[in-house]
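Enquirer: Okay, handing you the structure first.
The values are calculated or read from the model by the stated rules, or taken from the named source; none is laboratory data. Just so you know, these numbers come straight off a predicted model, no measurement behind them. Heads up, the Cβs are rebuilt from the backbone with ideal geometry, glycines too, and the neighbour counts pull from every protein chain shown.
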């Protein structure tokens with residue numbers, strides 16, 4: 001049996017953190033180091049970062065004018081003005097020919113290269129399996145996805161997971177959405193590690209039921225159960241609604257809805273994993289606001305470790321035997 005430290009970094013982002021790539025890299029390195037140091041001795045270690053953390057690398061890479069914008073859309077527009085030829089190439093490359101999509105297609109490759117340059121060395125430095133949150137990924141075929149990278153303790157990229165279920169009105173093709181492309185539930189990578197099998201479900205993919213009755217939704221956990229399940233599921237998350245207030249899709253408070261329908265409820269409803277690691281993004285940048293409570297879960301949804309607050313950065317860790 002292997003003693004594995006499961007670690008979730010509850011990453012807090014602010015305008016200052018994203019003021020430059022140097023500032024952001026220092027923040028990421030410091031938060032990971034604190035989390036690893038606090039997790040104690042173990043035979044193996046898994047560190048999970050939040051969803052959307054890699055999206056924000058676009059802001060760190062943008063020029064000063066972009067960082068003075070009031071909204072994310074404004075910042076992206078300013079970044080596009082500085083790189084007109086890249087945007088034209090994005091329009092040619094992207095599979096969805098809309099201005100916002102073309103701009104993201106132009107900016108995503110540089111952000112992804114930078115993201116890899118940070119997390120490959122971090123995984124090697126800490127000798128940890130590292131799930132690097134999520135970022136915008138432009139595929140060779142021009143599809144723009146919300147993707148998560150997994151690195152092994154040597155710093156090698158060993159898996160890329162594309163998000164399957166897109167949040168209505170935010171990530172999908174609805175008016176105002178990002179128009180991202182979906183991954184396939186059957187193509188979610190399952191990795192063999194010294195502590196057993198590992199997969200990544202990006203935020204909404206950890207839910208076992210949809211937010212609305214009219215959207216396209218694939219129950220990814222059920223598909224994984226049909227493939228034999230996994231020992232550990234990483235769940236990078238970014239919740240854009242107030243954690244303790246009613247959310248837009250029904251009468252429940254967001255934290256109650258997350259507990260019932262999100263990864264805790266999924267683990268209770270579908271026996272597909274022995275342990276779960278949810279890492280939330282928190283903080284405010286431009287017009288973006290994120291709340292959430294990171295946690296380490298057992299197979300029945302029991303909380304082995306949980307963050308203290310939904311609006312402060314930090315980390316949670318638990319050592320388990322696999």
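Enquirer: Going by the conditions given, is residue 232 outside any loop (DSSP other than H, G, I, E, B) and within 17 Å of the chain's Cα centre (by Cα)?
Expert: Working: outside any loop (DSSP other than H, G, I, E, B): yes; within 17 Å of the chain's Cα centre (by Cα): yes.
For residue 232, the condition - outside any loop (DSSP other than H, G, I, E, B) and within 17 Å of the chain's Cα centre (by Cα) - is met.
Enquirer: Listed residues 299, 305, 317; which is in contact with a strand residue (DSSP E or B) (Cβ under 6 Å, 6 or more places away or on another chain), buried (at least 21 other Cβ atoms within 10 Å of the Cβ) and more than 15 Å from residue 258 (Cβ to Cβ)?
Expert: Values: 299 fails: buried (at least 21 other Cβ atoms within 10 Å of the Cβ); 305 fails: buried (at least 21 other Cβ atoms within 10 Å of the Cβ).
When all the criteria are applied, what remains is 317.
Enquirer: Pick from 285, 214: which is modelled with pLDDT under 95 and in contact with a helix residue (DSSP H, G or I) (Cβ under 8 Å, 6 or more places away or on another chain)?
Expert: On the way: 214 fails: in contact with a helix residue (DSSP H, G or I) (Cβ under 8 Å, 6 or more places away or on another chain).
On inspection, the qualifying residue turns out to be 285.
For (1) crowded, with 23+ Cβ neighbours inside 10 Å; (2) at pLDDT below 70; (3) farther than 18 Å from residue 147 by Cβ, each residue gets a yes or a no:
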site	(1), (2), (3)
15	no, no, yes
38	no, no, yes
56	yes, no, no
61	no, no, no
66	no, yes, yes
69	no, no, yes
99	no, yes, yes
114	no, no, no
117	no, no, no
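Enquirer: Go through region 168-189 and give me each residue that's at pLDDT 95 or above and crowded, with 17+ Cβ neighbours inside 10 Å.
Expert: Those that are at pLDDT 95 or above and crowded, with 17+ Cβ neighbours inside 10 Å: 182, 183, 185, 188.
Enquirer: On the given criteria, is residue 293 part of a loop (DSSP other than H, G, I, E, B), in contact (Cβ under 8 Å) with a residue 40 or more places away in the chain, buried (at least 16 other Cβ atoms within 10 Å of the Cβ) and under 16 Å from the mean Cα position of the chain (by Cα)? Let's see the steps before the verdict.
Expert: On the way: part of a loop (DSSP other than H, G, I, E, B): yes; in contact (Cβ under 8 Å) with a residue 40 or more places away in the chain: yes; buried (at least 16 other Cβ atoms within 10 Å of the Cβ): yes; under 16 Å from the mean Cα position of the chain (by Cα): yes.
Answer is yes for this residue.
Enquirer: Condition first: touching a strand residue (DSSP E or B) at 6+ places or on another chain (Cβ under 7 Å), surrounded by fewer than 16 Cβ atoms within 10 Å (Cβ to Cβ) and assigned to a loop (DSSP other than H, G, I, E, B). Can you find one or more residues in region 192-215 that meet it? Even if it seems obvious, please write down each step before you answer.
Expert: Kept after step one, since they are touching a strand residue (DSSP E or B) at 6+ places or on another chain (Cβ under 7 Å), are these residues of region 192-215: 193-203, 206.
Subsequent filtering for residues that are surrounded by fewer than 16 Cβ atoms within 10 Å (Cβ to Cβ) retains 194.
Going one step further and asking which of them are assigned to a loop (DSSP other than H, G, I, E, B), we end up with 194.
Yes, region 192-215 contains at least one residue that is touching a strand residue (DSSP E or B) at 6+ places or on another chain (Cβ under 7 Å), surrounded by fewer than 16 Cβ atoms within 10 Å (Cβ to Cβ) and assigned to a loop (DSSP other than H, G, I, E, B).
Enquirer: Now, a different point. Please name all residue pairs, on different chains or six or more residues apart, with Cβ atoms under 8 Å, provided the first residue is in region 7-18 and is within 8 Å of residue 283 (Cβ to Cβ) and the second residue is modelled with pLDDT under 95 and buried (at least 24 other Cβ atoms within 10 Å of the Cβ).
Expert: Here the result reads 13/56, each pair linking region 7-18 to a residue that is modelled with pLDDT under 95 and buried (at least 24 other Cβ atoms within 10 Å of the Cβ).
Enquirer: In this structure, does residue 29 turn out to be surrounded by 21 or more Cβ atoms within 10 Å (Cβ to Cβ), at pLDDT 95 or above and in contact with a helix residue (DSSP H, G or I) (Cβ under 7 Å, 6 or more places away or on another chain)?
Expert: Working: surrounded by 21 or more Cβ atoms within 10 Å (Cβ to Cβ): no; at pLDDT 95 or above: yes; in contact with a helix residue (DSSP H, G or I) (Cβ under 7 Å, 6 or more places away or on another chain): yes.
Spelling it out, it is not the case that residue 29 is surrounded by 21 or more Cβ atoms within 10 Å (Cβ to Cβ), at pLDDT 95 or above and in contact with a helix residue (DSSP H, G or I) (Cβ under 7 Å, 6 or more places away or on another chain).
Enquirer: Say we look at region 27-44 and pick out the residues that are in a loop (DSSP other than H, G, I, E, B) and in contact with a strand residue (DSSP E or B) (Cβ under 6 Å, 6 or more places away or on another chain); which of these is nearest to residue 305 (Cα to Cα)? Lay out the reasoning, then the answer.
Expert: The initial filter retains those residues of region 27-44 that are in a loop (DSSP other than H, G, I, E, B), namely 40-43.
Filter once more, so that each one left must be in contact with a strand residue (DSSP E or B) (Cβ under 6 Å, 6 or more places away or on another chain): 42-43.
Working: 42: 16, 43: 19 Å.
Among them, the one singled out is 42.
Enquirer: Looking at (1) farther than 21 Å from residue 28 by Cβ; (2) touching a residue at least 12 places away in the same chain (Cβ under 8 Å); (3) part of a loop (DSSP other than H, G, I, E, B), which is the only condition residue 140 fails?
Expert: The failed condition is (2).
Enquirer: Do the conditions hold for residue 281, that is, is it within 26 Å of residue 162 (Cβ to Cβ) and surrounded by 15 or more Cβ atoms within 10 Å (Cβ to Cβ)? Explain how you work it out, then say what you get.
Expert: Details: within 26 Å of residue 162 (Cβ to Cβ): yes; surrounded by 15 or more Cβ atoms within 10 Å (Cβ to Cβ): yes.
Yes; evaluated as a whole, the condition is true for this residue.
Enquirer: Same structure, new question: Here's a check for you: in region 242-264, which residue that is in contact (Cβ under 8 Å) with a residue 40 or more places away in the chain, touching a strand residue (DSSP E or B) at 6+ places or on another chain (Cβ under 7 Å) and assigned to a loop (DSSP other than H, G, I, E, B) is nearest to residue 10 (Cα to Cα)?
Expert: Only one residue fits best here, namely 243.
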